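Everything below concerns the one structure shown next.
What follows is calculated from the coordinates using simple rules that are stated; it is not laboratory data. This one's a predicted model, so the numbers in the text were calculated from it and none came from an experiment. As a convention, Cβ positions derive from the backbone with ideal geometry for all residues, glycine included, and neighbour counts pool all protein chains shown.
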Amino acid sequence: MKYITRIANIEDISYITQIYNEGIEDKTATLETKLKTFDEMKDWFLCKTHRHKVMVIENEENQIVGWASLNMFNFKDCYQGVADISIYIKRSARENGTGKILLNYLIKIAKEQGFYKIVLNMVSFNLAAKKLYQSFGFREVGTYINQGILNGKWTDMTIMEKLLI
């Protein structure tokens, strides 16, 4: 299957919201438990800076099957070269290479925007995601122990980073 990656626009918010809510429901990608509304995600999208892009990946039928974003790591000027990242893939498009294509595109856009490092926090038990990031040269920095509650249990978060320079 052929995929197209591109910078997201406001018309993509309903798809981004749906895919993000699948990630919340599946409890494998985020500690969030409350589903997001279209308006919440629209506000999030509109508050992004010119450097903190949102990207989507479309399949051959022009359906959005995933999204990624460059997020502010810290508001202090000394961290302007570091971006936190998010990647979410639609259930039906997982484990078929979609995440690799989208992550590759995210790295390209991060470099174009002048970031020298990208970082992420991920639920520690998501071994498929960890394997994906490691295959792109991310290194594990550490673990936040008992960072939040998911499914009624304390959940650890793995911290990973990749230098882009």
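For region 23-39: of the residues being in a helix (DSSP H, G or I) and under 13 Å from the mean Cα position of the chain (by Cα), which is farthest from K130 (Cα to Cα)? The qualifying residue farthest from K130 (Cα to Cα) is I24. When A129 is tested against the conditions (1) hydrophobic (A, V, I, L, M, F, W, C); (2) within 17 Å of S69 (Cα to Cα); (3) assigned to a strand (DSSP E or B), the lone failure is (3).
Touching a residue at least 60 places away in the same chain (Cβ under 8 Å), small (G, A, S) and on the phi < 0 side of the Ramachandran plot: does that describe A93? The answer is no for A93.
Comparison of I85, I109 shows that the only residue that is in contact with a strand residue (DSSP E or B) (Cβ under 7 Å, 6 or more places away or on another chain), touching a residue at least 40 places away in the same chain (Cβ under 8 Å) and of a type in the set (V, I, T) is I109. Can you tell me which residue in region 33-60 is farthest from V123 (Cα to Cα), limited to those that are in contact with a Leu (Cβ under 9 Å, 6 or more places away or on another chain) and surrounded by 15 or more Cβ atoms within 10 Å (Cβ to Cβ)? Once the filter is applied, the top-ranked residue is R51. If only residues of region 150-165 that are out of contact with any strand residue (DSSP E or B) (no Cβ under 6 Å at 6 or more places or on another chain) and free of Cβ contacts under 8 Å to residues at least 24 places away in the same chain are counted, the one that is surrounded by the most Cβ atoms within 10 Å (Cβ to Cβ) is K153. When each of A128, A93, A68 is tested for being surrounded by fewer than 18 Cβ atoms within 10 Å (Cβ to Cβ) and closer than 30 Å to K153 by Cβ, the lone residue that passes is A128. Given the criteria assigned to a strand (DSSP E or B), in contact with a His (Cβ under 7 Å, 6 or more places away or on another chain), without any contact (Cβ under 8 Å) to a residue 60 or more places away in the chain and not acidic (D, E), does L120 qualify? So L120 does not fit the description; no.
Is it the case that F115 is touching a Leu at 6+ places or on another chain (Cβ under 7 Å), part of a loop (DSSP other than H, G, I, E, B) and either on the phi < 0 side of the Ramachandran plot or surrounded by 14 or more Cβ atoms within 10 Å (Cβ to Cβ) (or both)?
Values: touching a Leu at 6+ places or on another chain (Cβ under 7 Å): yes; part of a loop (DSSP other than H, G, I, E, B): yes; either on the phi < 0 side of the Ramachandran plot or surrounded by 14 or more Cβ atoms within 10 Å (Cβ to Cβ) (or both): yes.
It is true that F115 is touching a Leu at 6+ places or on another chain (Cβ under 7 Å), part of a loop (DSSP other than H, G, I, E, B) and either on the phi < 0 side of the Ramachandran plot or surrounded by 14 or more Cβ atoms within 10 Å (Cβ to Cβ) (or both).
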